[in-house]
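The values are calculated or read from the model by the stated rules, or taken from the named source; none is laboratory data. Bear in mind the structure is a predicted one, so any value in this text is a computation, not a measurement. Cβ sites come from the backbone with ideal geometry, for glycine too, and all protein chains shown count toward neighbours.
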Amino acid sequence: MRNVLRASLLLLLMLLVACPRGTRKTLVPDVPKSGDAAARTRFQEARAKFLRDGTGGGEFKSIVEDYPEDPIVPWAQLYAGIAALKERKLDVAAKVLGEVLAANVPDGLTARAELFLGITRNYQGDAIGALALLKRGEKAIEGDAERTEYLAAVAYATAASDRPLASLHVFDLLYPRVSPTERALIVARVEEVVAAADPNTLKRMFDELDDRRGPSMAAVASKLAVLSEAAGRGDEAARLREAAAPARAAVGLPR
């Protein structure tokens, strides 16, 4: 199961990387003006290219190697880590982003590193580490595409934590933002979370779910209907199946 989940997360990463980035609003401060002008120019050109089309990430690593004492290094490391994450080089991303956090850098730079290290930790299967970083890094999200990537990381990390049912609300928020392939992954993961849950807790969840047509309602109401039917409460099971029907149709499941 762990290997299957990891494969699903990596597929999700591939799909999310392909999403358009949208409008950017950054907390990252301007690059320092006190260092080598050539290093600064190389970084600005590399960043512009990377933000434009997602390519040229290797240049950030080269800048760090060529100017190891320059104040531009943490900025270059941040983008080197983001580029490594996009290329699915998770160990590299974790190492470089961790170096940014270990340095004495402005808060905005730290928050961006925490955000992307949190996403990386989720893909590595470290749910606890991911959630702590994501909580601190949320304020550094830039644009709608990163919001989607953040929600995906929070949802899957929470599902793998000691409070998996807390992921249902986040999966409902994530579901309408992603592609059909990603939606199928979400439906399957939500069903796994619900299948392992305590029935009494599911009853409370049924009343508390905000999205009555999302994947969580489809899974929770369907599971409760099965349990009611098995307990001989046919009328209750019928009501639950009726409640589940619109949500199941909305997420592509048979009635």
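Take the conditions (1) without any contact (Cβ under 8 Å) to a residue 60 or more places away in the chain; (2) closer than 22 Å to Thr120 by Cβ; (3) not in a loop (DSSP other than H, G, I, E, B); (4) not acidic (Asp, Glu); Thr148 misses just one of them, which is (1).
Of the residues making up region 40-60, those that are buried (at least 19 other Cβ atoms within 10 Å of the Cβ) and over 23 Å from the mean Cα position of the chain (by Cα) number 6. Given the structure, is Thr201 farther than 21 Å from Gly125 by Cβ and within 26 Å of the chain's Cα centre (by Cα)? Yes: the conditions hold for Thr201. Scanning region 214-255 for residues being of a type in the set (Lys, Arg) and over 16 Å from Val194 (Cβ atoms) gives a total of 3. Flag: Asp211 matches the condition of being in contact (Cβ under 8 Å) with a residue 12 or more places away in the chain, farther than 19 Å from Gly125 by Cα and not in a helix (DSSP H, G or I).
A residue that is modelled with pLDDT of 95 or more and under 27 Å from Glu182 (Cβ atoms) can be found somewhere in region 59-79. Within the set Ala245, Ala238, Ala221, the sole residue that is within 14 Å of Glu191 (Cα to Cα) and in a helix (DSSP H, G or I) turns out to be Ala221. Taking the condition surrounded by 18 or more Cβ atoms within 10 Å (Cβ to Cβ), of a type in the set (Val, Ile, Thr), touching a helix residue (DSSP H, G or I) at 6+ places or on another chain (Cβ under 6 Å) and not assigned by TED's automatic domain parsing to the domain that holds Gly214, does Val154 pass? In short, yes.
Only one of the listed residues (Ser167, Ser161) is in a loop (DSSP other than H, G, I, E, B), under 16 Å from Lys135 (Cβ atoms) and either in the same structural domain as Ala130 (by TED's automatic domain parsing) or not basic (Lys, Arg) (or both). That residue is Ser161. If you go through region 72-83 and pick out every residue that is assigned to a helix (DSSP H, G or I) and over 20 Å from the mean Cα position of the chain (by Cα), you end up with 5.
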